[in-house]
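Participant: Right, I'll just put the structure down here and ask away after.
The values are calculated or read from the model by the stated rules, or taken from the named source; none is laboratory data. This structure is a prediction, so every number in the text was calculated from the model and none was measured. Neighbour counts run over all protein chains shown; Cβ positions are idealised from the backbone, glycine included. Side chains included, ligands, DNA and RNA excluded: accessible areas come from the protein's heavy atoms. Shrake-Rupley method; radii C 1.70, N 1.55, O 1.52, S 1.80 Å.
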Amino acid sequence: MARKVLTLAEVRDGSLRNVSFEAIAAAKTIAQGGEVVSVLVGESVQSYANELFFYGADRVVVVEHPNLKNYTSDGYSQALKAVIDEEKPEGIVFGHTALGKDLSPKLAIKLNSGLVSDVVAVEEAGGNLIFTRPIYSGKAFEKKIVTDGIIFVTVRPNNIQPLERDESRSGEVKAVSVDIKDLRAIVKEIVRKTAEGVDLTEAKVIVAGGRGVKSAEGFKPLQELAEVLGGAVGASRGACDAGYCDYSLQIGQTGKVVTPDLYIACGISGAIQHLAGMSNSKVIVAINKDPEANIFKVADYGIVGDLFEVVPLLTEEFKKLKVHS
Amino acid sequence: MNIFVLMKRTFDTEEKITIVDGKVSEEGAEFIINPYDEYAIEEAIQVRDKHGGEVTVVTVGNEDAEKELRTALAMGCDKAVLINIEDDVEEQDQYTTAKVLAEYLKDKNPDLILAGNVAIDGGSGQVGPRVAELLGIPYVTTITKLDIDGNKVTVIRDVEGDEEIIETSLPLLVTAQQGLNEPRYPSLPGIMKAKKKPLEELELDDLDLEEEDVEAKTKTIEVFLPPKREAGKILEGEIADQVKELVRLLRSEAKVV
């Protein structure tokens with residue numbers, strides 16, 4: 001059954017987020033041959049349309065308004081509601097990002113619909129669309145179907161393969177004009193606290209520290225390693241509770257759930273609540289002084305040793321590689 | 001101020017998950033207040049202590065949740081409400097929970113509603129925004145600071161590690177992010193007092209709802225465990241050699257760098 005499916009494209013720091021291309025790929029599966037329409041919302045965002053075509057969007061709808069400069073649930077829901085009323089889609093795909101998580105439930109209930117959040121795989125089997133998503137932060141998974149209303153979905157970054165980028169693709173761009181008004185919550189200021197814009201949930205490489213890092217200063221060698229690998233730094237609850245780093249870095253059942261290609265756990269013992277947040281990573285490396293540490297049970301490669309000795313050596317080795325390649 | 005907290009009872013984070021007859025087994029599991037809801041409860045108590053009023057903690061579930069409601073009362077909430085839909089609703093999702101909560105809240109004139117930003121079991125984070133939309137009030141999710149001055153509210157919202165400073169107003173729904181506060185432990189006198197605090201139990205009938213009003217829009221057809229990760233290779237030898245070997249393996253065997 002062919003369906004028309006919308007995706008919400010998301011711009012961060014002047015470029016489209018990868019998850020927006022992954023959302024297009026998910027939308028293609030949901031559409032089953034139907035049209036995939038990507039929606040750009042913001043103050044001035046039309047220039048991003050081409051990139052969405054390269055990744056498979058059939059058409060792009062743009063909603064621009066000065067009140068859409070910063071994300072607000074009121075502003076964005078007015079914009080998207082207008083597009084939904086006009087396009088009448090059967091499905092809508094968001095990234096499972098701060099924005100997608102905040103906005104999708106509001107629109108879903110407005111349209112009396114269900115919403116399958118944090119989807120890691122979509123398949124069509126026997127006429128049913130089946131969505132796979134983690135529960136208990138990845139300790140288990142469930143398969144869900146939508147039984148009524150519009151198919152609302154958020155997709156977890158780094159899990160659905162985007163289409164091959166193809167610059168020969170193009171399509172029609174349509175502007176929809178909406179008067180965005182009556183915002184009940186206003187963003188006064190945005191304070192950047194993250195470095196370099198590598199977001200934990202989208203990072204391909206994560207270097208994470210636990211209690212073994214011993215201090216805020218102790219995170220420095222981890223940051224250097226992450227930098228060489230183009231990755232992000234994360235932490236266990238132990239490190240956050242001890243005050244070595246901000247809670248926004250916490251990975252685990254409380255905190256963020258991540259699925260990078262490479263996860264390097266430094267001085268992390270491997271409590272069940274931490275493993276829930278990272279054990280679905282593709283490759284796990286553990287560095288820990290204690291050979292009995294739980295983390296070694298899930299690691300693909302382990303080094304029993306002092307992270308303050310191992311991590312700088314590892315950074316040097318990767319630096320050498322970079323020079324050679 | 002009329003304050004409500006939306007609470008969920010969940011598995012303890014240290015619990016392992018087992019599946020029996022296609023469902024997550026609750027046999028012998030420890031249950032707790034969803035950790036993010038604990039931040040919501042703590043914040044509600046602090047707001048009440050500062051601005052006056054009353055905190056009502058509400059949950060949708062079955063009678064087992066009475067234990068967690070009593071814990072919330074022992075922390076300092078004034079009243080508890082259990083909306084027990086176990087006998088009336090067969091298939092339940094976030095749509096169901098939000099409809100039930102909104103129906104309960106709609107004539108209570110809430111000034112402030114707090115919830116966790118996500119429950120660590122289902123992990124969808126949908127119920128808060130859905131309830132706010134059904135009640136026609138604004139919401140801000142994943143907050144790490146809340147300041148109320150008359151009707152005016154300033155919050156800090158965590159956005160993937162960055163902070164948004166947001167101005168909004170009451171009535172309002174917020175969802176708590178880690179870092180909002182340090183939830184207190186119930187004190188012994190708190191536990192004693194909690195036993196005498198009101199705990200009301202409601203069913204769908206009491207809310208004038210029929211099962212079809214709250215019927216789920218999604219359905220779980222399978223629950224499964226991820227493939228078990230096998231312990232891999234522990235490297236040996238001099239540390240410097242181990243590091244070289246690790247880089248080689250990551251490149252040529254795992255092919256991730």
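Participant: Considering (1) touching a Lys or Arg at 6+ places or on another chain (Cβ under 8 Å); (2) surrounded by fewer than 24 Cβ atoms within 10 Å (Cβ to Cβ), say which one A:Glu86 fails and leave the rest.
Facilitator: Failing condition for A:Glu86: (1).
Participant: Test of understanding: among B:Ala176, B:Ala194, B:Ala132, B:Ala119, which residue is assigned by TED's automatic domain parsing to the domain that holds B:Asp88, at pLDDT 95 or above and in contact with a Gly (Cβ under 6 Å, 6 or more places away or on another chain)?
Facilitator: That would be B:Ala176, the only listed residue that is assigned by TED's automatic domain parsing to the domain that holds B:Asp88, at pLDDT 95 or above and in contact with a Gly (Cβ under 6 Å, 6 or more places away or on another chain).
Participant: I need the strands (runs of 3 or more DSSP E) fully contained in segment B:1-112, keeping only those with at least 1 residues that are at pLDDT below 95 and within 14 Å of chain A (Cβ to nearest Cβ).
Facilitator: The strands (runs of 3 or more DSSP E) meeting that bar are B:9-11.
Participant: When you go through A:Ile160, A:Ile190 one by one, which is the residue that is closer than 21 Å to A:Val39 by Cβ and either within 9 Å of chain B (Cβ to nearest Cβ) or assigned to a loop (DSSP other than H, G, I, E, B) (or both)?
Facilitator: A:Ile160
Participant: Open to solvent by less than 10 Å² (accessible area, probe 1.4 Å) and not hydrophobic (A, V, I, L, M, F, W, C): which single residue out of A:Ser44, A:Ser38, A:Ser15 fits that description?
Facilitator: A:Ser38
Participant: Something else now. Show me the helices (runs of 4 or more DSSP H) entirely contained within segment A:1-104 in which 1 or more residues are of a type in the set (Gly, Ala, Ser) and farther than 14 Å from A:Ile180 by Cβ.
Facilitator: Counting at least 1 such residues, we get A:18-31, A:49-54.
Participant: Please determine, by comparing only the residues of segment A:277-325 that are of a type in the set (D, E, K, R), more than 21 Å from A:Arg211 (Cβ to Cβ) and within 9 Å of another protein chain (Cβ to nearest Cβ), which one is nearest to the chain's Cα centre (by Cα).
Facilitator: Here the answer is A:Lys282.
Participant: Let me ask something additional. Looking only at residues in segment B:19-41 that are more than 13 Å from the chain's Cα centre (by Cα) and touching a residue at least 40 places away in the same chain (Cβ under 8 Å), which one is most open to solvent (accessible area, probe 1.4 Å)?
Facilitator: It comes out as B:Lys23.
Conditions tested, residue by residue: (1) surrounded by fewer than 24 Cβ atoms within 10 Å (Cβ to Cβ); (2) in the same structural domain as A:Pro134 (by TED's automatic domain parsing); (3) in a helix (DSSP H, G or I).
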{"position": "A:Gly212", "(1), (2), (3)": "yes, no, yes"}
{"position": "A:Ser215", "(1), (2), (3)": "yes, no, no"}
{"position": "A:Gly218", "(1), (2), (3)": "yes, no, yes"}
{"position": "A:Pro221", "(1), (2), (3)": "yes, no, yes"}
{"position": "A:Ala226", "(1), (2), (3)": "no, no, yes"}
{"position": "A:Gly234", "(1), (2), (3)": "no, no, no"}
{"position": "A:Gly238", "(1), (2), (3)": "yes, no, yes"}
{"position": "A:Gly243", "(1), (2), (3)": "yes, no, no"}
{"position": "A:Gln253", "(1), (2), (3)": "no, no, no"}
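Participant: Kindly establish whether A:Ser269 is in contact (Cβ under 8 Å) with a residue 40 or more places away in the chain, within 15 Å of A:Gly209 (Cβ to Cβ), part of a loop (DSSP other than H, G, I, E, B) and open to solvent by 10 Å² or more (accessible area, probe 1.4 Å).
Facilitator: Yes: the conditions hold for A:Ser269.
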